[in-house]
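Q: Sending over a structure as structure tokens; questions will come in a sec.
The values are calculated or read from the model by the stated rules, or taken from the named source; none is laboratory data. Just so you know, these numbers come straight off a predicted model, no measurement behind them. Because the Cβ atoms are built from the backbone with ideal geometry, glycine has one as well, and the counts that use them run over all protein chains shown. The accessibility values were calculated without ligands, DNA or RNA, using every heavy atom of the protein model including side chains. Shrake-Rupley method; radii C 1.70, N 1.55, O 1.52, S 1.80 Å.
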Amino acid sequence: MSHLQGFVGIVTGGSRGIGASIVRELAQQGVHLVINYQCNADAAETLVQEVQEEFGVKALAVQADVSLESDAKRLVHTAKKSFNRLDILVNNAGITRDRTFKKLSVEDWNKVIEVNLNSVFYVTHSALPYLQESPQGRIVNISSIIGQAGGFGQTNYSAAKAGMIGFTKSLALELAKTAVTVNSICPGFIETDMLAYVPEEVREQIKSRIPQRRFGQPEEIAKAVSFLVKDGGYITGQSLNVNGGLYM
Ligand code: NAP
């Protein structure tokens, strides 16, 4: 039996893609889950049913746009009210609005920073007092290889994801004397709806540059999250690359 049995976690953007895999992986360890989503209620509710039936944990879907401070606060307080504890926060919600820099509008810039980066501040700020009550609080931020290596047409996304890495290191320093660890995961190219938006020919070009010659699966990111949460007590302030060797 996992020592995470009975712990409580929030996964932002947990309804689909990488977030949904993280939910399944943590549920398998016996973690009760708050599954946050923005629009797709059906996907979130279906996942709630799935993990409750398959793994016997409690799960709750909560609609909240985490780019809004008030929604982020409501999300965290709903989790605390429903489960009376909070041990794990996975900041996973993210979007892209890819445009080359000359075509990038102020709106494209702001939206990507708000959803990918400001959300991390809002949710973490609300969750931290509760995470500090946990015997082992865990914050895992889903950044990206694009925050490390840059990406053509992705100045907004790259800035947001690099910002998450800096946030992770600074908060890890501030919390190092407590039981709360803070780490980032930097996925490479992972097969989800986000990658499906990329045109086929560009996808093939990307794949040919990946040393392992394949895209990653959402479950492979979820395994990395589970490692940090379960066994990562002495790991803090780090970025864990899960990218098939694309960036070393
Ligand atoms: P995805 O399949 O597009 O799913 C995105 C998730 O985020 C959905 O659950 C969505 O909810 C939620 N979401 C979006 N905006 C939100 C908001 N404002 N408030 C709350 N939830 C919101 O994306 P993914 O590929 O799984 O990506 C997950 C994370 O991994 C993102 O941070 C992404 O940047 C990062 N990442 C992905 C890749 C990749 O290749 N896929 C690579 C590196 C990093 P709804 O279902 O309600 O829309």
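Q: Filter segment 186-197 for residues that are among the hydroxyl-bearing types (S, T, Y) and either in contact with a Phe, Trp or Tyr (Cβ under 9 Å, 6 or more places away or on another chain) or assigned to a helix (DSSP H, G or I) (or both) and give the result.
A: Of everything in segment 186-197, nothing turns out to be among the hydroxyl-bearing types (S, T, Y) and either in contact with a Phe, Trp or Tyr (Cβ under 9 Å, 6 or more places away or on another chain) or assigned to a helix (DSSP H, G or I) (or both).
Q: Also, quick follow-up: Of these, V242, V229, V202, which one is among the hydrophobic types (A, V, I, L, M, F, W, C) and in contact with a Lys or Arg (Cβ under 6 Å, 6 or more places away or on another chain)?
A: On inspection, the qualifying residue turns out to be V229.
Q: When the residues of segment 34-50 are narrowed to those that are surrounded by 24 or more Cβ atoms within 10 Å (Cβ to Cβ) and among the β-branched types (V, I, T), which ends up farthest from the chain's Cα centre (by Cα)?
A: The residue in question is V34.
Q: Taking segment 1-33 as the search range and keeping residues that are more than 13 Å from the chain's Cα centre (by Cα) and β-branched (V, I, T), which one is farthest from L117 (Cα to Cα)?
A: Among residues in segment 1-33 that are more than 13 Å from the chain's Cα centre (by Cα) and β-branched (V, I, T), the one farthest from L117 (Cα to Cα) is V31.
Q: Looking only at segment 196-225, which residues are out of contact with any Ser or Thr (no Cβ under 9 Å at 6 or more places or on another chain) and among the hydroxyl-bearing types (S, T, Y)?
A: Scanning segment 196-225 gives a single hit, S208.
Q: Sort out which residues of segment 200-234 are open to solvent by less than 70 Å² (accessible area, probe 1.4 Å) and either touching a Cys at 6+ places or on another chain (Cβ under 7 Å) or outside any helix (DSSP H, G or I) (or both), and write them in order of number.
A: Matches in segment 200-234: I210, F215, G216, Q217, G232, G233.
Q: Among the residues of segment 168-185, is any open to solvent by less than 20 Å² (accessible area, probe 1.4 Å), assigned to a loop (DSSP other than H, G, I, E, B) and touching a residue at least 24 places away in the same chain (Cβ under 8 Å)?
A: Within segment 168-185 (the criterion being open to solvent by less than 20 Å² (accessible area, probe 1.4 Å), assigned to a loop (DSSP other than H, G, I, E, B) and touching a residue at least 24 places away in the same chain (Cβ under 8 Å)), the answer is yes, since at least one residue qualifies.
Q: Go through (1) farther than 24 Å from A224 by Cα; (2) surrounded by fewer than 24 Cβ atoms within 10 Å (Cβ to Cβ); (3) within 15 Å of the ligand (Cβ to nearest atom) and name the single condition A72 misses.
A: (2)
Q: Please specify each residue of segment 138-156 satisfying the condition of being in a helix (DSSP H, G or I), open to solvent by less than 20 Å² (accessible area, probe 1.4 Å) and more than 23 Å from E219 (Cβ to Cβ).
A: N156
Q: Could you go through segment 85-101 and let me know if any residue there is farther than 30 Å from T178 by Cβ, within 15 Å of the ligand (Cβ to nearest atom) and open to solvent by 50 Å² or more (accessible area, probe 1.4 Å).
A: Checked segment 85-101: at least one residue is farther than 30 Å from T178 by Cβ, within 15 Å of the ligand (Cβ to nearest atom) and open to solvent by 50 Å² or more (accessible area, probe 1.4 Å).
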